[in-house]
Amino acid sequence: MDERLFEVITHLVASAPTSLEETPSLAAFRMVDAAHRLMAIVEGDDAFLAEARADYLDHFNLVMTDQVAFDAWLGEYVRTFTGEALRRTRSNLG
């Protein structure tokens, strides 16, 4: 197993108890941060993931400085992934 993958798994497991006591925005940040770490492992030549990682790096600090802006960005980030997932599904169907 790739050691970086084990690190992300450990991060997720270790974050679980903490997420019970922190704000919803910070708990959501932990999940997006883990996704960012996974993208770094598997990105390769995937242009969408490269752009998603760059977008994350541009906005991740909002969770500490402006939670309203972070929540708005997170909603858009999710919509971007949903759109890409639909695009890829349609592409695979045919």
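The values are calculated or read from the model by the stated rules, or taken from the named source; none is laboratory data. None of these values were measured; they are calculated from a predicted model. Using ideal geometry, Cβ is built from the backbone for each residue, glycine included, and neighbour counts are taken over all protein chains shown. Side chains included, ligands, DNA and RNA excluded: accessible areas come from the protein's heavy atoms. Shrake-Rupley method; radii C 1.70, N 1.55, O 1.52, S 1.80 Å.
With Asp46, Asp66, Asp2 as the choices, which residue is modelled with pLDDT of 95 or more and of a type in the set (Asp, Glu)?
Values: Asp46 fails: modelled with pLDDT of 95 or more; Asp2 fails: modelled with pLDDT of 95 or more.
Being modelled with pLDDT of 95 or more and of a type in the set (Asp, Glu) holds for just one of Asp46, Asp66, Asp2, which is Asp66.
Is there any pair linking a residue in region 30-42 that is closer than 18 Å to Leu20 by Cβ to one that is of a type outside the set (A, V, I, L, M, F, W, C) and crowded, with 17+ Cβ neighbours inside 10 Å, with Cβ under 6 Å and at least six apart or on different chains, and which?
Going by the 6 Å Cβ cut-off, the qualifying pairs are Arg30/Ser15.
Please go through region 47-70 and give me each residue that is over 15 Å from the mean Cα position of the chain (by Cα) and open to solvent by 60 Å² or more (accessible area, probe 1.4 Å), ordered by number.
Within region 47-70, the subset over 15 Å from the mean Cα position of the chain (by Cα) is 47, 64-69.
Once the filter is applied, which keeps residues that are over 15 Å from the mean Cα position of the chain (by Cα) and open to solvent by 60 Å² or more (accessible area, probe 1.4 Å), region 47-70 yields Ala47, Met64, Thr65, Asp66, Gln67, Val68.
Regarding Gly44, is this residue more than 20 Å from Leu12 (Cα to Cα) and open to solvent by less than 50 Å² (accessible area, probe 1.4 Å)? It would help to see each step written out before you state the result.
On the way: more than 20 Å from Leu12 (Cα to Cα): yes; open to solvent by less than 50 Å² (accessible area, probe 1.4 Å): no.
Criteria not met by Gly44.
Is at least one residue of region 13-30 of a type in the set (D, E, K, R) and part of a loop (DSSP other than H, G, I, E, B)?
Pass one, region 13-30, residues of a type in the set (D, E, K, R): 21-22, 30.
So of that shortlist, the ones also part of a loop (DSSP other than H, G, I, E, B) come out as 21-22.
Yes, that holds for at least one residue.
Show the residue pairs meeting these rules: Cβ distance below 8 Å; 6+ apart or different chains; first residue within region 45-73 and farther than 10 Å from Val32 by Cβ; second residue open to solvent by less than 40 Å² (accessible area, probe 1.4 Å) and of a type in the set (S, T, N, Q).
Note: pairs meeting the criteria are Gln67/Ser25; Asp71/Ser25.
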